[in-house]
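Right, one structure below, let's go through it.
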Amino acid sequence: MNATSDLNACGVAGISDDSSDFSTWPEVILYPILLAIGTLGNCAVLHVLKTDAKSSRSFNSICVYLGSMAACHLLMLWQYFPAYIYTVELTTGSETEISASTPFTQFILVYLGLSTWIGSVLMGTSEWVLVIFSLERVAAVTFPIEIRKHASAALALKIVLVCLAINFISATENLASHFYSYAKLNVESSTENNQGNAINVPDWLRQWENLQEAFGITSMIIRFIILLVTNLTLIIFINRRRKQSQRCSSPTLSTGSKQPARTKERKHANLLLFASYALYFSTHLPVLVYTILTLAASPPFCTYQFPGNAQPLWSAASNLLILSDCSLTILFYGSVSRKFRKPFCCLGKRVPLNQAVSSTESLESGSTTVGH
């Protein structure tokens, strides 16, 4: 395959075709593994939460937040599957032209726009639910009595639906941009005027794209700041409460048996949140850096230039990191919670999953709570 390099919109030599093909191989190899782990793991999370939901006492806002994030991650992994099939065809040489007139290629050209939009909606919803989850945990630590009165599964479900609706609206630029280019490409192909020239994007759509990119980066930075502040706040309050409980250990023992159980429940929820923090920061921080550099390398800024053919490698790595965030949740949950680890430990012992989860619940806190 010949390596080609054209000038991009900033007048800088673009990437070569060879480097672009090379950058897709890690995704071709690793995506099936992430899909298998993510499908099994997220289904296990949903099953554990469903088992908790059988007890009305344990079905709280934490179950809703964890379940909505697991559902978003599961859908995120599978909505990418058709695009992965086409990536495999391009990488292995089965398809050499994006404008090939095969039915599958035409389907992919339509589906890519929907996939980008659906992916943005699901990922944005999952990330903002994590932010809301974090804020609720801070409120639960600082105002434990008040938050138990107001935090409910019904309110959490409404918050998740609001986040979903907002992301549906905010991601519509992906649909408009893709399908405008797709319609323009079909018109030029039908009139035989497409000679490899770039599609002219109207000013209103270009401005919308710039605003959407700025909004996306701003949202990512805001989420990072909120999660970082809430993480530090939780650590400070938990350490302060631990020191207080150590100084007042004897009065605590005389207050009854419910206090230790509630303390263990709060610790369990906080550990699950910290596991979500660890996965989010490790996978999304490089994506944030790449997104900012991409914006800086695009008009009207043109203040940065990716060295050599680094941009397709960065892009492929960012995509894999996002898929890893959707896939590896169960590993992080299982590292801090016996409840999410026990079903997999019992697979080789032929123990029914419901029985495994139930036995884990009794080991966790003597009840079926996941929450406060």
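The values are calculated or read from the model by the stated rules, or taken from the named source; none is laboratory data. What you see is a predicted model; the values in this text were computed from it and never measured. As a convention, Cβ positions derive from the backbone with ideal geometry for all residues, glycine included, and neighbour counts pool all protein chains shown.
Among (1) closer than 26 Å to Trp78 by Cα; (2) modelled with pLDDT of 55 or more, which single condition is Leu347 missing? Unmet condition: (2).
With respect to being in a helix (DSSP H, G or I), modelled with pLDDT of 90 or more and of a type in the set (Gly, Ala, Ser), Ser335 falls outside the description.
Any residue in segment 46-55 that is surrounded by 13 or more Cβ atoms within 10 Å (Cβ to Cβ), at pLDDT below 70 and not polar (S, T, N, Q)? Please lay out each step first, then the result.
Going residue by residue through segment 46-55, those that are surrounded by 13 or more Cβ atoms within 10 Å (Cβ to Cβ) are 46-53.
Now drop any that are not at pLDDT below 70, which leaves none.
Looking through segment 46-55, none of the residues is surrounded by 13 or more Cβ atoms within 10 Å (Cβ to Cβ), at pLDDT below 70 and not polar (S, T, N, Q).
Can you pull out the helices (runs of 4 or more DSSP H) entirely within segment 63-154 that have at least 3 residues that are more than 28 Å from Phe274 (Cβ to Cβ)? Step through it out loud before you land on a result.
Details: elements: 81-92, 103-142, 144-150.
Hits in segment 63-154: 81-92, 103-142.
The number of residues in segment 268-286 that are closer than 23 Å to Tyr80 by Cβ and surrounded by 19 or more Cβ atoms within 10 Å (Cβ to Cβ) comes to 5.
The residues of segment 12-43 that are modelled with pLDDT of 60 or more and not in a helix (DSSP H, G or I) amount to a single one, Val12.
Kindly indicate whether Lys158 is at pLDDT 85 or above and farther than 20 Å from Tyr111 by Cα.
In short, yes.
Looking only at residues of segment 295-309 that are small (Gly, Ala, Ser) and surrounded by fewer than 16 Cβ atoms within 10 Å (Cβ to Cβ), we find that the one that is farthest from Val88 (Cα to Cα) is Ala296.
Give Ser170, Ser126, Ser115, Ser120 a once-over and let me know the one that is among the polar types (S, T, N, Q) and under 25 Å from Lys54 (Cα atoms). Break it down stepwise before answering.
Details: Ser170 fails: under 25 Å from Lys54 (Cα atoms); Ser115 fails: under 25 Å from Lys54 (Cα atoms); Ser120 fails: under 25 Å from Lys54 (Cα atoms).
Answer to the selection: Ser126.
For Leu112, the requirement of being touching a residue at least 24 places away in the same chain (Cβ under 8 Å), surrounded by fewer than 19 Cβ atoms within 10 Å (Cβ to Cβ) and farther than 30 Å from Phe81 by Cβ is not met. The requirement of being at pLDDT 75 or above and within 30 Å of Glu213 (Cβ to Cβ) is fulfilled nowhere in segment 239-250; no residue meets it.
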